[in-house]
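So the structure is just underneath, and the comments pick up after that.
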Amino acid sequence: MYMNTASCSASSLLRASRARFFSSSSSAVSRTFVSSPIRPSHHHFASLRFLSSSSAARSFPRWSHGGVHWRSPYTLRSQIRAVAPVIEQFQRKIASMASENPFKANLTSLPKPGGGEFGKFYSLPSLNDPRIDKLPYSIRILLESAIRNCDGFQVKKEDVEKIIDWEKSAPKQVEIPFKPARVLLQDFTGVPAVVDLACMRDAMNNLGSDSKKINPLVPVDLVIDHSVQVDVARSANAVQANMDLEFQRNKERFAFLKWGSTAFHNMLVVPPGSGIVHQVNLEYLGRVVFNNDGLLYPDSVVGTDSHTTMIDGLGVAGWGVGGIEAEATMLGQPMSMVLPGVVGFKLSGKLNDGVTATDLVLTVTQILRKHGVVGKFVEFYGDGMGELSLADRATIANMSPEYGATMGFFPVDHVTLQYLKLTGRSDETVSMIESYLRANKLFVDYNEPQSERVYSSYLELNLSEVEPCVSGPKRPHDRVTLKDMKSDWHACLDSKVGFKGFAIPKEVQNKVVKFQFEGQPAELKHGSVVIAAITSCTNTSNPSVMLGAALVAKKASELGLEVKPWVKTSLAPGSGVVTKYLLNSGLQKYFDQQGFHIVGYGCTTCIGNSGDLHESVASAISENDIVAAAVLSGNRNFEGRVHPLTRANYLASPPLVVAYALAGTVDIDFDKEPIGTGKDGKSVYFRDIWPSTEEIAEVVQSSVLPDMFKSTYDSITKGNPMWNQLSVPESKLYSWDPNSTYIHEPPYFKGMTMDPPGAHGVKDAYCLLNFGDSITTDHISPAGSINKDSPAAKYLLERGVDRKDFNSYGSRRGNDEVMARGTFANIRLVNKLLNGEVGPKTVHIPSGEKLFVFDAATRYKADGHDTIVIAGAEYGSGSSRDWAAKGPMLLGVKAVIAKSFERIHRSNLVGMGIIPLCFKAGEDADTLGLTGHERYTIDLPSNISEIKPGQDVTVTTDNGKSFTCTVRFDTEVELEYFNHGGILQYVIRNLSKQ
């Protein structure tokens, strides 16, 4: 039973977290598993090492902490089935190949303060190695995992030594295995993952093996949060109306996911309308420390959403991976990763009055992008940590993908422990977490002298230097201080088309377009705000900025200001808790007065689910070539992502979203120009509506109450009527419907045999696309709405789908036919083969015809020609989308040659059997004189043993050019994936043999 911590004083809560959170009773039932007949003592852990980071076969419930149950959403009817028999087969197989854990002597008892023990753990101090004391905390988590899982087979003693010797080994880019404790999914990426699992079961059947071997062996949580769209806004019934439409469009997908929760063991599905995955993970799913059958170890998680890093703010090591990697992790495969460097980021001072956590994270993002942290961990420390609430830390951790790091890690300290108590973890559980982390040197106590830790590089920021700011208009790291916003906007209008330019001629920059909006006069000009959205996990989990935004709305309403009706305003909280404290504070009514009605609980505008603009607004923009603006409290603003008609998109704190909505334009100097005219006829300025930090803190203290969290997470376990009414079959193999346009059996394993196809080069390939720098997964992967003239639209229309029912690409990720047609379908795609023309087309080189990318690729494949893609720097940056690799593979792309790759995307390409190659430093397509009209041959050996990670390969063209590239298979394991034709084929063949 959980102890209630509501008696903590309000002042102590605010000191620790700037907000008050809750504790709750545990639910009566937790996800359970049939106990294994083997009940391991600490001497028997070696035979269970394959699952030592999972809890699937242990006899305690999955969420238990030595008899103290974690909050458990069993009543979501995930119907977790007994998995012990299958897992025991794995254990026996692995045990037969593995030796006894060489670190079993380091198993140490963790005593309880009142007698007895919490359990046993693999002790880092017992290794008596002085190098460990200097390791960053994030690296210590990797070390503990390696020691606990060391079996001489999947994890070797040499791997442990590499991590201990991190200071010397990390610069050498050495490879290590890592076994995360759990996997986190959202529905956009979760549907294709479950589709792949279902398809893998069929493949196992076809190979004559046991399909039941395809089951998650670590806990998998899937939160449905990416399907709600802002179809209805500025309306009191928006939540229900949008949910009704969400279920109408996605009933088939939702039923499929519900089938998955019953067909696969160890999988929980959180239904729509519950909240945003990362906020639910932070407040509800995160364990911090697992205690499974008496074995203690740190929580760690990989997720199929790049913002999984938000959990790093809680001291849980987590980051985004491709869906392909996540599927392999679910199936018990260790992740192969390069031992990362760690940037130490020291924080000092405190934020000035009126400066928000959003301003801080946009500043940190710019600093870290400039420093260069791709593929690295960032670890925060210093006296300034005490000034940051847990929600502020989570905001900074959330945007790790935007600054390029694998993690933005905040080690556990007293603030973390208080947050855990306040969000429902029992006193005994928190005591166990603190005791374990202290005993294993994984806890930071800023009241004690700090031992010196070594980092790969060092940065420092005094929090008092942070200024109010936004980022945009096309990238999250292009920060603009508020005081410079007007001049920066005009510079963007003047500059040539690019990340900071729109090339609008001077003579039309002040053009005003007048039109009728629902019978009343309206007008737009360059910079007019047409979307203002409080959205995204980055900010909606933080009471300070949410209540700060509500105070801006209140002050504006009282002064007589009103958002223009043609601005599409919306509020999409990350959980029902936000609604409760907005109502309790009495501030929701002011949001409503300004048009910020709640539209749903999930990701909306930030991922392109912004819904249609009013027809009159859309026409005014498109017919007059207006550079319209969106302002959102999200984390991504790449061109074409938020809405096809908003060419300028700015990331801002929730209070600033309201301020810009009121102003109606981004072309304003808030210091000098009035936002509008009040009811008394006087000008109202920014300073008149901006709340102080103290004002916000007072509202947080009085309005954010423990019971709000308790009731929200009690009800989250009950689903909702529409979800509960979905009926699904009980079969273990999925019955594919060939007429379905949502769920389709992919062709990955058709004709697959037990023999790997082997390595291969590329001969006489045509260039499908020739790109410059910063091509994101938004450009590559199908995202947002389905254009009415696209190949995907043609496919749907041919199958009787009305245009109004197209839904989004994200909702159709379970259908490879739609997704292949939507690959490279972004309307803002800049392909050099088109000589400056922007759009989702390319040149079919043999004929010279201009075709949709899908149509050109189809013609190449029909003629038996391979294709490649040429790109610049940062290819594949953005969200971790497996379809950004699956799509090109289905189009027939065999290799991508780029200046550099985003970490997850490069891994995903390898996972789908596509060869990633990097130009040598100082070279690219332009310097080498490559136009993309050549035919390319990549000389790779056919014997995988002759290929080494990172080796040089020669690329030749049919017009006599020759250049050297680095093949970006970074580890031996990745070479094995390539040899098998992809990671999933590798897993199937290995499981079939066992």
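The values are calculated or read from the model by the stated rules, or taken from the named source; none is laboratory data. These numbers come from a predicted model, not from an experiment. Counting neighbours? That spans all protein chains shown, and the Cβs are built from the backbone with ideal geometry, glycine included. Protein only, heavy atoms only, side chains kept; ligands, DNA and RNA dropped before computing areas. Shrake-Rupley method; radii C 1.70, N 1.55, O 1.52, S 1.80 Å.
Condition check for Ser945 on (1) buried (at least 21 other Cβ atoms within 10 Å of the Cβ); (2) not in a loop (DSSP other than H, G, I, E, B): one failure, at (1).
Conditions tested, residue by residue: (1) in a loop (DSSP other than H, G, I, E, B); (2) among the aliphatic types (A, V, I, L, M).
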position: Met889; (1), (2): no, yes
position: Glu923; (1), (2): yes, no
position: Asp926; (1), (2): yes, no
position: His933; (1), (2): yes, no
position: Thr954; (1), (2): no, no
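Scanning the stretch 197-245 for residues that are out of contact with any helix residue (DSSP H, G or I) (no Cβ under 8 Å at 6 or more places or on another chain) and open to solvent by less than 10 Å² (accessible area, probe 1.4 Å) yields a total of 4.
Number of residues in the stretch 957-975 that are within 27 Å of the chain's Cα centre (by Cα) and charged (D, E, K, R) equals 4.
The number of residues in the stretch 948-989 that are within 18 Å of Thr753 (Cα to Cα) and surrounded by fewer than 17 Cβ atoms within 10 Å (Cβ to Cβ) comes to 1. The condition of being within 18 Å of the chain's Cα centre (by Cα), crowded, with 24+ Cβ neighbours inside 10 Å and hydrophobic (A, V, I, L, M, F, W, C) holds for only one of Val374, Val301, that being Val301.
On the stretch given as the stretch 98-143, residues that are under 22 Å from Glu175 (Cβ atoms), in contact with a Leu (Cβ under 9 Å, 6 or more places away or on another chain) and acidic (Asp, Glu) total 0. With respect to the conditions (1) part of a strand (DSSP E or B); (2) crowded, with 24+ Cβ neighbours inside 10 Å; (3) aliphatic (A, V, I, L, M), Val513 falls short on a single one, namely (2). Quick check on Asn635: is it of a type in the set (S, T, N, Q), surrounded by 24 or more Cβ atoms within 10 Å (Cβ to Cβ), in a strand (DSSP E or B) and in the same structural domain as Phe502 (by the TED database)? For Asn635, the condition - of a type in the set (S, T, N, Q), surrounded by 24 or more Cβ atoms within 10 Å (Cβ to Cβ), in a strand (DSSP E or B) and in the same structural domain as Phe502 (by the TED database) - is not met. Candidates are the residues of the stretch 116-158 that are within 29 Å of Pro449 (Cα to Cα), under 33 Å from the mean Cα position of the chain (by Cα) and among the acidic types (Asp, Glu); the one that is surrounded by the most Cβ atoms within 10 Å (Cβ to Cβ) is Glu144. In the stretch 160-174, the residues that are open to solvent by 80 Å² or more (accessible area, probe 1.4 Å) reach residues that are not aromatic (Phe, Trp, Tyr) with C-beta atoms within less than 6 angstrom, at least six apart or across chains, in these pairs: Glu167/Val454; Gln173/Val338. For the stretch 418-435, taking the residues that are at pLDDT 90 or above and open to solvent by 10 Å² or more (accessible area, probe 1.4 Å), the one that is nearest to Thr358 (Cα to Cα) is identified as Glu434.
If I filter the stretch 852-864 for residues that are open to solvent by 20 Å² or more (accessible area, probe 1.4 Å), among the aliphatic types (A, V, I, L, M) and either at pLDDT below 90 or more than 30 Å from the chain's Cα centre (by Cα) (or both), do I get at least one hit? Yes: one or more hits.
The residues of the stretch 406-445 that are touching a Gly at 6+ places or on another chain (Cβ under 6 Å) and not polar (S, T, N, Q), listed by number, are Phe410, Pro411, Val412.
Across the stretch 290-309, what is the total count of residues that are part of a loop (DSSP other than H, G, I, E, B) and not polar (S, T, N, Q)?
4
Cβ-Cβ contacts under 8 Å between residues 6 or more apart (or on different chains), taken from a first residue in the stretch 547-576 that is free of Cβ contacts under 8 Å to residues at least 24 places away in the same chain to a second residue that is not acidic (Asp, Glu), are absent.
Being on the phi > 0 side of the Ramachandran plot and either assigned to a helix (DSSP H, G or I) or open to solvent by less than 10 Å² (accessible area, probe 1.4 Å) (or both) is the requirement here; does Gly600 meet it? Yes. Right, Arg906: modelled with pLDDT under 95, in a loop (DSSP other than H, G, I, E, B), open to solvent by 10 Å² or more (accessible area, probe 1.4 Å) and within 30 Å of Cys537 (Cβ to Cβ) or not? Here the answer is no, as Arg906 does not meet what is asked.
For (1) open to solvent by 10 Å² or more (accessible area, probe 1.4 Å); (2) small (Gly, Ala, Ser); (3) part of a helix (DSSP H, G or I); (4) farther than 27 Å from Ala884 by Cβ, each residue gets a yes or a no:
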| residue | (1), (2), (3), (4) |
| --- | --- |
| Lys346 | yes, no, no, yes |
| Lys350 | yes, no, no, yes |
| Val355 | yes, no, no, yes |
| Thr358 | no, no, yes, yes |
| Leu362 | no, no, yes, no |
| Gln366 | yes, no, yes, no |
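For Thr395, the conditions (1) among the polar types (S, T, N, Q); (2) under 30 Å from Ser109 (Cα atoms); (3) open to solvent by less than 50 Å² (accessible area, probe 1.4 Å) all hold with the exception of (2).
Among all positions in the stretch 872-893, there is at least one residue which is aliphatic (A, V, I, L, M), touching a residue at least 40 places away in the same chain (Cβ under 8 Å), open to solvent by less than 10 Å² (accessible area, probe 1.4 Å) and farther than 17 Å from Thr842 by Cα. Of the strands (runs of 3 or more DSSP E) lying entirely inside the stretch 379-493, those containing at least 1 residues that are basic (Lys, Arg) and in contact with a Ser or Thr (Cβ under 7 Å, 6 or more places away or on another chain) span 479-481.
Residue by residue through the stretch 837-846, note down the ones that are more than 28 Å from Ile607 (Cβ to Cβ) and open to solvent by 60 Å² or more (accessible area, probe 1.4 Å). Within the stretch 837-846, Pro846 is the sole residue that qualifies.
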